[in-house]
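One structure is given here, and the rest of the page talks about it.
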Protein chains: 2
Amino acid sequence: METKNIGLRGIEVADTRISNIDGEKGKLIYRGYDILDLTKYSSFEETAYLLLHDELPTKDQLEEFKTKLKEARFIPKRMQENMGNWRKDADPMDMLQAFVSALAGYYDEEFSTKESSYDKAINLISKTATIVASWNRIRNGQKIVDPDPTLDHAANFLYMMFDEKPDPEVEKIFDICLILHADHTFNASTFTARQVASTRAHMYSAASAAIGALSGELHGGANYEVMKMLLEIGSIEKVESWIKEQMAKGERIMGMGHAVYKTYDPRAQVLKELSRKLAAKTGDPWFDITEKVEKTTIAEMKRQKGRDIYPNVDLYSASLYYMLRIPMDLNTPIFAISRVVGWAAHIIEEKFAEAAPKPALYRPKASYVGKYCGPQGCEYKTLDLRK
Amino acid sequence: METKNIGLRGIEVADTRISNIDGEKGKLIYRGYDILDLTKYSSFEETAYLLLHDELPTKDQLEEFKTKLKEARFIPKRMQENMGNWRKDADPMDMLQAFVSALAGYYDEEFSTKESSYDKAINLISKTATIVASWNRIRNGQKIVDPDPTLDHAANFLYMMFDEKPDPEVEKIFDICLILHADHTFNASTFTARQVASTRAHMYSAASAAIGALSGELHGGANYEVMKMLLEIGSIEKVESWIKEQMAKGERIMGMGHAVYKTYDPRAQVLKELSRKLAAKTGDPWFDITEKVEKTTIAEMKRQKGRDIYPNVDLYSASLYYMLRIPMDLNTPIFAISRVVGWAAHIIEEKFAEAAPKPALYRPKASYVGKYCGPQGCEYKTLDLRK
């Protein structure tokens, strides 16, 4: 049988300057900078600027960028009304996909120059956060909280969610989470965004499609599944037996293992420490339970298959968000709030790449394995002659 | 430089039983059947059944399928209200992408078995047509026309658009258009749908993403561009000079040429005859102008480059829809009304393929060509040290 490039693994499809993963060394680089440095020294806004513009901003550039982000936070009243017309138990990812796409119904979606596309990116980044927070208020019958221009992006999101300004430590933790999830080269949602952009569709359209891809449980949906698992396990005493039982049945443990990283995912490493810190603050058991899941899975994998396995980005983000009082069905939308930065950067790169080889409309081949009755096709029988 | 598989041309990514193109012979096959036979003998509903189920239906199966399609035509009142909250001059493809995604806000989007997915497909196929027609009424300040259960899919769509039942000849012409556009193997929108489905996202999410891809001017948007060109040319006397001038500047002629067909696209062949027939009925000049565009482009291409060129599916569909009094910005949404059948079939195949090699989450590689300052990344300079 021919090779079919299933899932396109290992197939190079384009050049990128945006990010790079060294799976052997466990390194993730944004535009040349190690994300470990960015989580230590940078902010979500600065990292977003870097991902979009290929350079860290100067002081003036950063101020201007932050001001624009703040100005773009409001969503139209009519969009809020439309959210109110949805089922209150709708999946927040469905809501997000629909309303990011709907931005084009309110804002001019023309997107013809590289320059103007940066403003669209700002609109998209700011409003994605507002859409998620607004929906959470609406579905709970609460009044929408208007954005607060004195707050930075991370703090403002938590404020719009809870109608309460977060304390500085919580703000910092959440800001780092946003930095960590902002890009990860050609994952399924980013590749979807690029693919839609390759047809010359506009940015909201491509980002909405990416949200669709992120909603799948094999992609962004995994951090929701991790929290479901943690709640099902319930206490630290039950971790060992639960994990062993699942693995004996050949089940995957959610949040463990990654197709690219052959060592510790650097994002998991940071999230683990943030989760430890937050649990010490809140007194929640979720960090300890998660750590025990990690250790047990590693030991079982070694025992059963002689292989190493490491946590991925979803393992510790699940409990972290839970301790931030974020409803667990918003885990994936919060992934989107951050990843939208990467999508915007990739959409701009896909449409405005200046160096060869320039991207082209993605149109792969399929191998036809269906009915075949010769070059003229199967004989069409009229309805009365069938069966 | 390494090969980068730009646009994934020629890269096989999956097996499919749904359709096959023989670009050399100019053949398009749906599930074993030549589309030329299907346009002669079949109907949109029967073709949709075939694409979804891999077999032509029996009489009972077709009746049941048609009944289900009719029952699924209504969209929720609240969705109609939400459409009223959009800018009246919004791009109909943006509207369609958002509201197909929004279907998940009203209908249970769980999609766990192959069996239940067929009902989702029916819901999607019926409601996509209703969404397009409803939006057209709303944006024009007209009352929405409820679907008519005595009419088949093609006639009902035209009825919901115009509040008038089409004559049988017009109905037949439009039905054939829907058959012709229903699938075309792994084009950009279908591949997008499959990619989103590969993450285990649900059908509305994947179809909405596909609409995003279709909206790009390099994909579905082309039939809108063709009509813009025809209107710009305006009369048959001006065709020759207009085409020659464009081609002398090295511009592509919209609706001419196809990456896969090396001969006459069989769909263009059928659409050409339908357009000829309709123009004879309405007295419109658009068929003659389009035919002249075809002939002039062929002659100029031969003269300039010694190459053959043929019309693609968009060339004659543009004038055909125009003569059906369909607003030209609905050309691409109408493409979607039909192609949604193929998307649904591909989404089901992607998620429930029974034979190896089974599809996997699409995650290609990128080649990193950005900043590089050694394995530790570039030195992070604090804000006051920059520039």
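Computed from the coordinates by the stated procedures, all read-outs in this text should not be read as laboratory data. Because the structure is predicted, anything quoted here is derived from the model rather than measured. Neighbour counts run over all protein chains shown; Cβ positions are idealised from the backbone, glycine included.
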Compute the normalised compactness of chain B: alpha-carbon radius of gyration over 2.2 N^0.38 Å, N being the residue count.
1.06
Determine the sum of side-chain charges near B:ALA188: Lys and Arg each +1, Asp and Glu each -1, restricted to other residues whose C-beta is under 15 angstrom from that of B:ALA188.
+4
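Using DSSP loop states and a limit of at most 11 other Cβ atoms within 10 Å to flag GluC sites (Glu not before Pro), what is the longest stretch of chain A containing no flagged site?
It works out to A:252-353.
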Shape call, the stretch B:60-177: gyration tensor on alpha carbons, a/c limit 1.5
oblate
Find how many whole Å separate the alpha carbon centroid of the stretch B:154-190 from the alpha carbon centroid of the stretch B:13-30.
22
What shape does the stretch B:165-230 have by the C-alpha gyration tensor, where a ≥ b ≥ c are the square roots of the eigenvalues, rounded means a/c under 1.5, and otherwise prolate means a/b greater than b/c and oblate the rest?
oblate
For A:ALA299 paired with B:SER235, estimate the spin-label separation in nm (one decimal), with each label point 7 Å from Cα along the Cα-to-Cβ line.
8.9
Cα-Cα over 18 Å, subset of A:LYS77/B:LYS127; A:LYS387/B:LYS120; A:LYS127/B:LYS381; B:LYS68/B:LYS127; A:LYS381/B:LYS165; A:LYS358/B:LYS365
A:LYS77/B:LYS127; A:LYS387/B:LYS120; A:LYS127/B:LYS381; A:LYS381/B:LYS165
Whichever lysines have a C-alpha closer than 28 Å to that of A:LYS238, once near sequence neighbours (fewer than 8 apart) are set aside
A:LYS228, A:LYS249, A:LYS272, A:LYS277, A:LYS281, A:LYS292, A:LYS295, A:LYS302, A:LYS305
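How high is the relative contact order of the stretch B:222-323? Use alpha-carbon pairs under 8 Å, at least six apart in sequence, and give a whole percent. Numbers along the way, then the final one.
Details: 129 pairs, mean separation 44.7, N = 102.
The value is 44 percent.
Counting only Cα atoms, I'd like the Rg/Rh figure for the protein assembly as shown, Kirkwood definition for Rh.
Ratio of gyration radius to Kirkwood radius: 0.98.
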Taking the stretch B:1-95 as the region of interest, what is the percent of Cα-Cα pairs per 5 angstrom bin, listed from the shortest bin to the one with the maximum distance?
2, 9, 13, 12, 11, 12, 13, 13, 9, 3, 1, 0
Once a ≥ b ≥ c are taken as the square roots of the eigenvalues of the Cα gyration tensor of the stretch B:222-323, is the result rounded (a/c under 1.5), prolate (a/b larger than b/c) or oblate (a/b not larger than b/c)?
oblate
Neighbourhood net charge (10 Å Cβ-Cβ; Lys/Arg +1, Asp/Glu -1) for A:LEU361:
+3
Measure off 7 Å from each Cα along the Cα-to-Cβ vector at A:TYR372 and B:ASP288, then give the distance between these two points in nanometres to one decimal.
4.7
10 Å Cβ neighbours from other chains, averaged over peptide B:333-344
0
Averaged over residues of B:41-53, the number of beta carbons from other chains lying within 10 Å of each residue's Cβ is 1
Where the only charges are on Cβ atoms (+1 Lys, Arg; -1 Asp, Glu), what is the dipole of the stretch B:222-323 about its Cα centre, to the nearest 20 debye?
280
Just in the stretch B:282-365: which trypsin sites (Lys or Arg not before Pro) are loop by DSSP and have at most 13 other Cβ atoms within 10 Å?
B:ARG307, B:ARG325
For chain B the mean separation of alpha carbon contacts under 8 Å (6+ apart) over residue count, i.e. relative contact order in percent, is 22
Can you give the calculated 222 nm mean residue ellipticity of chain B, where each DSSP H run of n ≥ 4 adds -39,500 (n - 2.57) and the sum is split over every residue, rounded to the nearest 500 deg cm²/dmol?
-17500 deg cm²/dmol
Per residue of A:55-66, other chain Cβ atoms within 10 Å number on average 2
Output the lone cysteines of chain A: those with no second cysteine's C-beta under 4.7 Å from their C-beta.
A:CYS177
